[in-house]
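Data first, discussion second: the structure below is written as structure tokens.
The values are calculated or read from the model by the stated rules, or taken from the named source; none is laboratory data. In this text, all values refer to a predicted model and were calculated from it rather than measured experimentally. Counting neighbours? That spans all protein chains shown, and the Cβs are built from the backbone with ideal geometry, glycine included. Surface accessibility is based on the protein's heavy atoms, side chains included, excluding ligands, DNA and RNA. Shrake-Rupley method; radii C 1.70, N 1.55, O 1.52, S 1.80 Å.
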Amino acid sequence: APSPPRRGGGGGPAAPPSPPGERPGGKKSREDVLARRARRREAHLARLRDEGRYEPGRTPGPDPERWLPKTQRSYARGRRRGGGRRGGGASGTGAQGGGAGMERDAARLDVAARVQAAREGRA
């Protein structure tokens, strides 16, 4: 009986040789990645130094609101409820959360205002 075809390497054309500094799979070597990261970090820190936003050797103190619960911090968002399709919260609107259309509906349903407008239109 003939043997089943083999899986894996073999039969196809050989992969092209990788450029220097790269591994055969197209990945860069760890040294190249670390060197590029160091160059970018230095450029970033130089830019911050020029703007006066970075001083080497000086570490910023801890956030004074660090000890407060997250919900009580000044930069915390309010507690959100609901959301999505079922209504409520910031994303959906429920029975009490009408949007811009509420004023238009209220004006249409305000009979006294419509009568007043009709009188002014006739006079």
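Observations on the structure shown:
- Every pair of residues 6+ apart whose Cβ atoms lie under 9 Å, when the first sits in the range 99-114 and is outside any helix (DSSP H, G or I) while the second is surrounded by 10 or more Cβ atoms within 10 Å (Cβ to Cβ) and at pLDDT below 80: G99/T93
- Residue list for the range 16-30, restricted to those being surrounded by 10 or more Cβ atoms within 10 Å (Cβ to Cβ) and modelled with pLDDT under 90: S18, G21, E22, R23, K27, K28
- Residue within the range 31-48 that is outside any helix (DSSP H, G or I) and either open to solvent by 100 Å² or more (accessible area, probe 1.4 Å) or of a type in the set (D, E) (or both) present: no
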